[in-house]
Every structure is written in C-alpha cells, then in structure tokens.
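Working notes, structure below.
The values are calculated or read from the model by the stated rules, or taken from the named source; none is laboratory data. What you see is a predicted model, and the numbers here were worked out from it, not measured in a lab. Backbone-built Cβ (ideal geometry, glycine too); neighbour counts: all protein chains shown.
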Amino acid sequence: MNTPFTLKAGQIWTGAPPRREIRGIDEVGETQVSFHKQTSRRRFLTYQTTTIMGFRKWIQQSQAVSNDGLSAASMHGFSPSREIGQRIQLLRKAAGLSQQDLANMLGVSRTAVGFWETGRPNRISRHVPRIAKIFGISEEVFLNGQSSEKTQMSITKDEENIINLYRALSIDDRLQAIKRMEMLYRRQQ
C-alpha cells in the first residue's frame, strides 16, 4: 500500500504556484471534508464542504503540500479503486485466503476478485457489505482504510493549555502559530 495518507482537522494545504490556494481543514467526516479557503495572503474567503475524494483530487491537481509533510506525491498513483483493491488483497492474504476462496465466499468468479485487486472497477459496490463482514471490519474501515470512531488519548496539562489557546485564536493567528511552531521544530532538527 502507499504511504499512509490521512486528511485530518487542522491540516493546512498549500497549492503550488501560480495560484497558491490555501485550504485549512476544519473537519473530516465519514465521506466529506469541511474546509476554509484562502486566496489572498491574510484572508479566508469561503468555507466549503466537499467529498474526501474531491479534496484529494484538488491536492493532486494543485500539487498541494500540507503543513505536516504530506503532498500529492504521497498519493502517487492514487486511485480509489486501486486503493480498495490493495486493501482487498492485503486482507485476503492476511486471512490466508486465495482469490478463489474469497470468490467462492462471495459467489463471484476468481476473475472478478482479480479485477478488484488490480483496481479495475467490476461492480464491487454491491459486495462491500459482505467483504467487510468476511474480514470482520466495518464497511467504513473497508472503504476508507480508517474509522471515524473517537479514540481516547491522554494529554498533559501543558498540551491542554496549548490546545485551548490555539482554539481561542482567529484563523489567521492559528496559521501564524502553526508556522512558528514548524520553524521552532525545524530549528531543533
């Protein structure tokens, strides 16, 4: 599989010249991304929502780079059907199943499973619930490679204070804070 590529709240994506459009992700849902869009140096002009695939497509088309080091190159060759195909192959092999075994369980031909694994669309959508059930995962995890379930994480009092201060800032000031932290981090490297 490709380098893990996850869109998440707080990421700031900057497109390549000449437009250099900046998009800050506010929230990532099951299938959609809410973001604010900046076209001038200091002002966010619009708040928008698009599909996760739509946002990824923008990343590729604009050759965008994120504040946490991801880029269009991280998605090199990104294709939803190829990504799902790779996931099927990985899950199938981890379960010790052959293509024929999986095909028999689903009531399809071995060729169909082979098509799915190589990223060629072949009416996979109607089989998604059964594939997820066979591998013991949710449909969301099967389709997206991740779950939107909340995970508990403990943080220090200092980290909590930083988060609260960050949330109290305006969007422009948040960008400045992120840039400053990145600069301090690079200085330590």
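Among residues of the stretch 162-184 that are charged (D, E, K, R), those with a Cβ under 7 angstrom from a residue that is surrounded by 11 or more Cβ atoms within 10 Å (Cβ to Cβ), sequence gap 6+ or separate chain, pair up as Arg174/Tyr166; Glu182/Asn67. Of the strands (runs of 3 or more DSSP E) entirely within the stretch 14-122, those holding at least 3 residues that are at pLDDT 80 or above and closer than 21 Å to Lys179 by Cβ occupy 22-28, 32-38.
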